[in-house]
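**Q** Structure incoming, see below.
Just so it is clear, none of the values below were taken in a lab; they were calculated from the coordinates. Computed from a predicted model, the values in this text were never measured in an experiment. We place every Cβ from the backbone using ideal geometry, glycine too, and count neighbours over all the protein chains shown.
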Amino acid sequence: MLDEAESRIDPLVVVKSVDSVFWERGCGSGSEAVGCYLAYREGKSLSVALKQPGGTIDVSVEYDDGIQSAAISGIVKISAEGSAYA
C-alpha cells in the first residue's frame, strides 16, 4: 500500500505458489518498484525516502525518455548470522 502524501509504503508480500501472505517490515524491491513507477509517471528523475514499518529506504531513479537506472539505500541491521542447511 502506497501513501504518497506521507511518502510511506506498507509492503505486503504474496507468494501464490505456497498460499502465503505476509506484511513485511521493509521491502527493497517494492521500494524500487514504487520509485520507478513515480519516475515513469512524472517523466523525470527523482529521489524519494519511503517510510516503512522497519525504517526508511531511500530510492533514486534516473529517467531520460524511460527508466535508465534505479538504486536503493538505507540502514541495515544484521539480526542473525550463521549457516542454513537444506
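**Q** Can you give the net charge of the other residues whose Cβ lies under 11 Å from the Cβ of Gly30, counting K and R as +1 and D and E as -1? Before the final figure, lay out the partial values.
**A** Numbers: positive: none; negative: Asp10, Glu24, Glu32.
Residues near Gly30 contribute -3 overall.
**Q** Here is a further query. Determine by what factor the alpha-carbon radius of gyration of the chain differs from 2.2 N^0.38 Å, reporting the quotient. Let's see the in-between values first.
**A** Values: Rg = 14.9 Å, N = 86, 2.2 N^0.38 = 12.0 Å.
For the chain, the normalised Cα radius of gyration is 1.25.
**Q** Which whole-number percent gives the relative contact order of the stretch 30-76, counting Cα pairs below 8 Å spaced six or more residues apart? Show your work: numbers first, answer last.
**A** Working: 84 pairs, mean separation 16.9, N = 47.
Answer for the stretch 30-76 is 36 percent.
**Q** Tell me the mean residue ellipticity at 222 nm calculated for the chain from its helices only (DSSP H runs of n ≥ 4, each -39500 (n - 2.57), averaged over every residue, nearest 500).
**A** When only DSSP H runs of four or more count, the value is -5500 deg cm²/dmol.
**Q** Sticking with this one: Find the centroid of the Cα atoms in the stretch 1-44 and in the stretch 67-86, then give the distance between the two in whole Å.
**A** First find each Cα centre; the distance between them is then 16 Å.
**Q** Roughly what would the spin-label model give for Asp58 and Leu12, points 7 Å off Cα along C-beta, in nm?
**A** Distance between the two pseudo-spin positions: 3.0 nm.
**Q** While we're on this one: Given Cβ point charges of +1 (Lys, Arg) and -1 (Asp, Glu) and nothing else, what value in debye, to the nearest 20, does the dipole of the chain about its Cα centre take?
**A** Charge dipole of the chain: 220 debye, to the nearest 20.
**Q** Counting pairs of alpha carbon atoms under 8 Å apart in space and at least six apart in sequence, what relative contact order in percent does the chain give?
**A** The normalised contact order for the chain reaches 22 percent.
**Q** Please determine, in degrees from 0 to 90 and to the nearest 10, the orientation of helix 28-42 with respect to the longest principal axis defined by the Cα atoms of the chain, where the helix direction is its Cα long axis.
**A** Here the helix axis deviates by roughly 10 degrees.
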